[in-house]
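Visitor: My structure is below; once you've seen it, I'll send some questions.
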Amino acid sequence: MDRLSSHKATKSVVEKHNFKFSKSLGQNFLIDDNVIDKILNGARLSEGDNIIEVGPGIGTLTREMGKIADKVVAIEIDKSLIPILKETLGEFDNIEVVNNDILKVNIEELVKEKFDNKPIKLVANLPYYITTPIVMKFLEENIPVTDIVVMVQKEVADRMNAKPSTKDYGALSVAVQYYCDTEIVAKAPRHMFIPQPNVDSTVIGLHVREEKKYNVDNEDIFFKTVKASFGQRRKTLLNSLGGLGFLNKDEIKEVLKQSNIDEKRRGETLTIEEFATLSNVINSKVPN
Ligand code: SAM
């Protein structure tokens, strides 16, 4: 069996097993060879790589990764896909399918158990209803992930990739770019999937930096500062930082002054560097 990424091959697998697509599980299967190749390139997939895939579906992308990588562990929630995957991935002894909900999996343990704690890449066409929790889980937990190359809804990719003072820039942009260099890898319009979703998609590459780029004294205060700053987008920082709950107006004026940030600016204009400076000043005012 060769590639499954044609309309015909996917239909034939689906029909043979009488598989019923679940909308609520975000089941839109990719049927475009070109995009598969771009995903593999975007992830700089090579032998020796250890891959985690979330939601293998019928194994279209999984098979192509199995041909190159050292090992692929694919986590699929839908029990009815497991016998299909047994068949489509049967010839690969370097692919393991785990039938579980990704949000319930202890990834740190999984990386220890399946990959001996070696660096991993997350490569997937994600179920869109949980894109952000999945990506943030991999970034925030203690997981040795080097690259995340994932298909997500176009608007989410735009937000992850956005620069300050643009309409897409928000807390998600800062959260992702705090850890990673971002790159748009491929566009995937809705006709490249069956069934066709009612949104377009983009493959985004998040390359985790080896060294921290930003000097943040307290990540908890940093992310709280970001959240408050974007909490009410139209408000100036002088007003929105009140959302932190522990600084009064005069104190906010003082921290902004010390951070060299004009109190009339809005959160969406701040670079990550400026958020770092601001949160460090705020942190120095927080009682222990
Ligand atoms: N990788 C396949 C492809 O590219 O054609 C399928 C991608 S489809 C967009 C998303 C997949 O994620 C489906 O197979 C779905 O069953 C699975 N999925 C949905 N929720 C999940 C969860 N919480 N944990 C693991 N897999 C999940």
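The values are calculated or read from the model by the stated rules, or taken from the named source; none is laboratory data. This is a predicted model, so every value here is computed, not measured. So basically every Cβ, Gly included, is an ideal-geometry build from the backbone, and we count neighbours across all protein chains shown.
Visitor: If only one of K71, K67 is of a type in the set (K, R) and either within 7 Å of the ligand (Cβ to nearest atom) or under 16 Å from D2 (Cβ atoms) (or both), which one is it? Break it down into steps so the answer makes sense when it comes.
Guide: On the way: K71 fails: either within 7 Å of the ligand (Cβ to nearest atom) or under 16 Å from D2 (Cβ atoms) (or both).
That would be K67, the only listed residue that is of a type in the set (K, R) and either within 7 Å of the ligand (Cβ to nearest atom) or under 16 Å from D2 (Cβ atoms) (or both).
Visitor: Within region 74-102, take every residue that is small (G, A, S) and more than 19 Å from K23 (Cβ to Cβ) and give me the one that is farthest from the ligand (Cβ to nearest atom).
Guide: This residue is G90.
Visitor: Pairs needed: first member in region 19-31, under 10 Å from Y129 (Cβ atoms); second member anywhere, among the basic types (K, R); C-beta distance under 8 Å; at least 6 residues apart or different chains.
Guide: none
Visitor: Same structure again: Just wondering, is there one or more residues in region 76-98 that are modelled with pLDDT of 95 or more, among the basic types (K, R), out of contact with any Ser or Thr (no Cβ under 9 Å at 6 or more places or on another chain) and under 30 Å from N117 (Cα atoms)?
Guide: Yes, region 76-98 contains at least one residue that is modelled with pLDDT of 95 or more, among the basic types (K, R), out of contact with any Ser or Thr (no Cβ under 9 Å at 6 or more places or on another chain) and under 30 Å from N117 (Cα atoms).
Visitor: Just to be sure before I move on: is I194 in contact (Cβ under 8 Å) with a residue 60 or more places away in the chain and surrounded by fewer than 21 Cβ atoms within 10 Å (Cβ to Cβ) in the structure I sent?
Guide: yes
Visitor: Suppose we filter K235, K227 for residues that are surrounded by fewer than 19 Cβ atoms within 10 Å (Cβ to Cβ), closer than 23 Å to K167 by Cβ and touching a residue at least 40 places away in the same chain (Cβ under 8 Å); which single one remains?
Guide: None of the other options fit; the residue is K227.
Visitor: Another question, then. Only one of I204, I194 is more than 20 Å from the chain's Cα centre (by Cα), of a type in the set (A, V, I, L, M, F, W, C) and assigned by TED's automatic domain parsing to the domain that holds K20; which?
Guide: Every option except I194 fails the conditions.
Visitor: Working only within region 36-61, note down all residues that are within 12 Å of the ligand (Cβ to nearest atom), more than 23 Å from M136 (Cβ to Cβ) and outside any helix (DSSP H, G or I).
Guide: Across region 36-61, the qualifying residues are I58, G59.
Visitor: Name the residues in region 123-136 that are surrounded by 17 or more Cβ atoms within 10 Å (Cβ to Cβ) and either more than 12 Å from the chain's Cα centre (by Cα) or within 12 Å of the ligand (Cβ to nearest atom) (or both), would you?
Guide: V123, A124, N125, L126, P127, I130, T131, I134
Visitor: Output yes when any residue across region 110-122 is more than 17 Å from V149 (Cβ to Cβ) and within 8 Å of the ligand (Cβ to nearest atom), and no when none is.
Guide: no
Visitor: Further, regarding this structure: Pick out the one residue from Q153, Q177 that is buried (at least 20 other Cβ atoms within 10 Å of the Cβ) and of a type in the set (S, T, N, Q).
Guide: That would be Q177, the only listed residue that is buried (at least 20 other Cβ atoms within 10 Å of the Cβ) and of a type in the set (S, T, N, Q).
Visitor: Quick one: which residue in V145, V98, V152 is touching a helix residue (DSSP H, G or I) at 6+ places or on another chain (Cβ under 6 Å) and either farther than 28 Å from A188 by Cα or free of Cβ contacts under 8 Å to residues at least 60 places away in the same chain (or both)?
Guide: Only one candidate passes the filter, namely V152.
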